[in-house]
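Worksheet: one structure, shown below.
The values are calculated or read from the model by the stated rules, or taken from the named source; none is laboratory data. In this text the structure is predicted, and so the values were computed from the model without any measurement. No Cβ is skipped: glycine too gets one built from the backbone with ideal geometry, and neighbour counts run over all protein chains shown.
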Amino acid sequence: MTSQQVAMPRVSGGIYANMCDVLQSSGTKVLHFVVGLVALLALWWLAIFLVTLDPSNSQFKDFAPRAAFEALPALWQDGIIPDAISSSGFRLGMGMFLAIVIGVPIGIMMGRSLWFQQLTNAPFQFLRMISPLSWEPIAVVVFAGWEEAIIFLIAVAAVWPVAFSTAAGLAKIDPSWFKVARNLGAKPWHMVTRIILPAITFDVLTGIRLALGVAWIVIIPAEFLGVTSGFGYAIQDSRESLEYSSLMALLVVIGAVGFVLDSAIVMLIKRYSWHRG
Amino acid sequence: MAIRGTNIKIEGLTHRYRSRSGVTFNRVDLESPQGEALAIIGRSGCGKSTLLHIVAGLLKASEGSIKLDGNPIDGPSPKWVMMFQAPHLFPWMTVKQNVGVGLTFGNWSRATIDSRVDEAIRLVELQDFAQSNVQDLSGGQQQRVALARSLVMEPELLLLDEPFSALDAFTRSSLQHDVRAIAKRLGFNIILVTHDIDEAVIMADRAVIMAGSPGNIVHELDVDLPDPRDRGDPQVQKLRAELMDSFQEAANYNKPKAAALAG
């Protein structure tokens with residue numbers, strides 16, 4: 001082989017330097033994470049402090065960070081938080097499962113077939129613009145129980161980001177990959193399993209991330225009525241029993257659970273993304 | 001790697017696009033004996049690339065036939081594999097996975113796939129990069145992966161559609177020599193489509209010039225030179241000049257028709 005420009009394979013000579021870089025980068029990220037959260041807490045504390053300067057607003061003291069964090073252990077020990085995580089988690093999981101099972105094939109069809117895309121564009125855009133919660137009265141009539149109705153609402157909220165992201169991923173596939181695969185003897189199912197699915201994993205996961213955000217927002221008001229479990233019910237219960245510190249503690253937990261779920265999807269996106277940039 | 005070449009016979013091959021009026025090329029006849037490296041030279045638009053896609057089974061001919069050892073080509077097959085202008089590698093795969101992807105479409109055992117992939121990677125001298133993601137490679141290395149991906153199928157015929165035109169001069173020259181050397185060592189046929197006369201002289205045993213509208217073979221020349229071929233060699237220079245004269249002659253092939261149309 002004659003001389004040519006080559007990219008050298010990665011060598012282990014700079015392991016120490018690489019570790020230093022990684023540690024420095026991780027340290028900066030942790031610092032930003034902590035500073036951001038402290039700033040949020042400070043703003044929360046400041047808002048309640050300013051409101052309660054007026055003695056007539058003293059009832060708002062229960063909304064302060066300290067009261068909320070003091071209420072957390074009792075909520076955990078009484079099983080309110082574990083039960084809410086379990087109930088809301090089950091509904092979220094089922095709703096997301098349905099959204100993925102329905103949304104990914106729809107997205108693939110939209111991305112692969114111009115005819116299907118043109119036929120479905122108007123009805124899908126129309127349906128997408130209907131607030132998921134506005135389906136609630138219909139869902140309650142159609143389904144036997146509230147449980148199924150809430151799962152339906154989550155699926156309705158989550159299906160569109162999944163479907164449209166999948167379709168966008170399909171649109172970005174290099175048509176030459178199909179030509180190369182066909183040239184090497186690929187059958188139609190190879191095109192789906194070996195080309196399409198790996199190529200769109202990033203976009204599907206991005207759609208799931210968006211869908212999860214929407215679903216997590218929708219599930220709380222959806223649980224305000226009809227059910228006696230989940231975060232929505234727990235918040236409603238705290239409000240009705242005037243336990244505002246518990247209400248604020250539950251908001252903290254809802255935010256934390258949502259953050260953890262989102263972070264998990266981000267990790268999956270990083271793991272399966274092949275995009276460089 | 002067990003590869004052998006094939007006798008190629010193209011008879012009366014005609015192609016016309018359904019959506020466009022006119023014929024791309026008309027009644028092309030061409031033969032290539034087992035193990036030959038054949039270059040098809042022509043200007044852009046003369047139909048040489050379409051001809052190659054038909055031989056690869058990726059396009060259908062309007063009329064005529066292509067036979068390898070007497071058997072007609074009726075679609076893509078691992079026996080006749082095409083290498084494109086760009087490597088078109090699958091960016092979510094490593095070098096090893098890209099090279100072996102065609103074998104995973106067939107019913108090969110894991111052990112066979114691993115052994116053939118390792119051999120193909122050795123042939124293109126990318127052993128140190130086997131586990132690297134293909135996005136970490138240079139353009140030349142990526143084209144070597146595409147070459148290994150074709151070779152691993154043990155094709156009788158390798159079709160090259162201007163495969164090195166996007167590479168820098170040094171990498172291009174290196175790959176031209178390497179592909180010819182591998183083809184001669186393993187014995188498979190090559191059909192190379194190019195508009196680069198130097199490439200044809202370095203890589204081919206015979207060059208045909210395609211010109212006209214509709215396109216057809218208007219000239220052919222044996223490139224009977226010893227290997228390895230050096231651009232500075234007077235024999236190479238002489239054949240290059242000869243081929244260039246024929247190419248320019250072919251470029252005037254359309255002029256009377258164009259003049260008649262203008263008149």
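Taking the listed residues A:I195, A:I208, the one that is without any contact (Cβ under 8 Å) to a residue 24 or more places away in the chain, surrounded by 15 or more Cβ atoms within 10 Å (Cβ to Cβ) and farther than 30 Å from A:A67 by Cα is A:I195, with no other qualifying. Within the stretch A:173-207, track down each residue that is touching a Phe, Trp or Tyr at 6+ places or on another chain (Cβ under 9 Å) and among the basic types (K, R). If the condition is that a residue be touching a Phe, Trp or Tyr at 6+ places or on another chain (Cβ under 9 Å) and among the basic types (K, R), then A:K179, A:K187, A:R194 are the ones that fit. The condition of being in contact (Cβ under 8 Å) with a residue 40 or more places away in the chain and surrounded by 23 or more Cβ atoms within 10 Å (Cβ to Cβ) holds for only one of A:V214, A:V159, A:V180, that being A:V159.
Assess whether A:I173 counts as being closer than 30 Å to B:G57 by Cβ, touching a residue at least 12 places away in the same chain (Cβ under 8 Å), within 14 Å of chain B (Cβ to nearest Cβ) and surrounded by 20 or more Cβ atoms within 10 Å (Cβ to Cβ). No; evaluated as a whole, the condition is false for this residue.
Within the stretch B:19-41, restricting attention to residues that are among the polar types (S, T, N, Q) and surrounded by fewer than 19 Cβ atoms within 10 Å (Cβ to Cβ), the residue that is modelled with the highest pLDDT is B:Q34.
Within the stretch B:15-45, the set of residues being in contact (Cβ under 8 Å) with a residue 60 or more places away in the chain and in a strand (DSSP E or B) comprises B:F25, B:N26, B:R27, B:V28, B:D29, B:L30, B:S32, B:A37, B:L38, B:A39, B:I40, B:I41.
Considering only the stretch B:141-162, I want to know if a residue exists there that is farther than 23 Å from B:Q34 by Cα and either free of Cβ contacts under 8 Å to residues at least 12 places away in the same chain or more than 12 Å from every other protein chain (Cβ to nearest Cβ) (or both).
The answer is no; no qualifying residue exists.
Checked against the criterion of being within 11 Å of chain A (Cβ to nearest Cβ), surrounded by fewer than 18 Cβ atoms within 10 Å (Cβ to Cβ) and either touching a residue at least 40 places away in the same chain (Cβ under 8 Å) or of a type outside the set (S, T, N, Q) (or both), the candidates B:L103, B:L58, B:L137 yield just one match: B:L58.
Among what's in the stretch A:177-190 and is at the interface with chain B (Cβ under 7 Å from one of its Cβ atoms), more than 33 Å from the chain's Cα centre (by Cα) and not in a loop (DSSP other than H, G, I, E, B), pick the residue that is farthest from A:M110 (Cα to Cα). Top of the filtered list is A:N183.
Tallying residues that are touching a Lys or Arg at 6+ places or on another chain (Cβ under 7 Å) and either in contact (Cβ under 8 Å) with a residue 40 or more places away in the chain or assigned to a helix (DSSP H, G or I) (or both) within the stretch A:49-66 yields 0. Checked against (1) of a type in the set (A, V, I, L, M); (2) under 28 Å from B:V236 (Cβ atoms); (3) in a helix (DSSP H, G or I); (4) away from every other protein chain (no Cβ under 11 Å), B:V117 passes all but a single condition, namely (2). Of the residues A:F124, A:F97, the single one that is among the aromatic types (F, W, Y), surrounded by 15 or more Cβ atoms within 10 Å (Cβ to Cβ) and within 25 Å of the chain's Cα centre (by Cα) is A:F124. Scanning the stretch B:106-130 for residues that are touching a Gly at 6+ places or on another chain (Cβ under 7 Å) and crowded, with 20+ Cβ neighbours inside 10 Å turns up just one, B:V117.
Check B:Q127 against each of (1) closer than 30 Å to B:R43 by Cα; (2) within 10 Å of chain A (Cβ to nearest Cβ) and name the one condition it does not meet. Every condition holds for B:Q127 apart from (1). Can you find a residue that is modelled with pLDDT under 90, of a type in the set (S, T, Y) and more than 28 Å from A:Y272 (Cβ to Cβ) anywhere in the stretch B:181-203? No, every residue in the stretch B:181-203 fails to be modelled with pLDDT under 90, of a type in the set (S, T, Y) and more than 28 Å from A:Y272 (Cβ to Cβ). Would you point out the residue of the stretch B:163-189, among those that are away from every other protein chain (no Cβ under 12 Å) and assigned to a helix (DSSP H, G or I), that is surrounded by the most Cβ atoms within 10 Å (Cβ to Cβ)? For the stretch B:163-189, the residue satisfying everything is B:A183.
Within this structure, A:T193 passes the test of being of a type in the set (S, T, N, Q), within 12 Å of another protein chain (Cβ to nearest Cβ) and either in a helix (DSSP H, G or I) or under 14 Å from A:A215 (Cα atoms) (or both). Within the stretch B:199-220, being free of Cβ contacts under 8 Å to residues at least 60 places away in the same chain and surrounded by 19 or more Cβ atoms within 10 Å (Cβ to Cβ) holds for B:V201, B:I202. Within the stretch B:69-93, the residues that satisfy the criterion of being crowded, with 20+ Cβ neighbours inside 10 Å and either in a strand (DSSP E or B) or among the aliphatic types (A, V, I, L, M) (or both) are B:I73, B:W80, B:V81, B:M82, B:M83, B:L89. For the stretch A:18-66, the tally of residues that are closer than 13 Å to A:Y244 by Cβ and either surrounded by 12 or more Cβ atoms within 10 Å (Cβ to Cβ) or of a type in the set (D, E, K, R) (or both) stands at 11. If the condition is being under 20 Å from B:S77 (Cβ atoms) and not in a helix (DSSP H, G or I), then the stretch B:94-109 contributes B:F105, B:G106, B:N107, B:W108.
Kindly provide the set of residues from the stretch B:121-134 that are hydrophobic (A, V, I, L, M, F, W, C), free of Cβ contacts under 8 Å to residues at least 40 places away in the same chain and out of contact with any strand residue (DSSP E or B) (no Cβ under 8 Å at 6 or more places or on another chain), ordered by number.
Listed by number, the residues that qualify are B:I121, B:L126, B:F129.
From the list A:A139, A:A144, the one residue that fits, being more than 14 Å from every other protein chain (Cβ to nearest Cβ), within 30 Å of A:L127 (Cα to Cα) and part of a loop (DSSP other than H, G, I, E, B), is A:A144.
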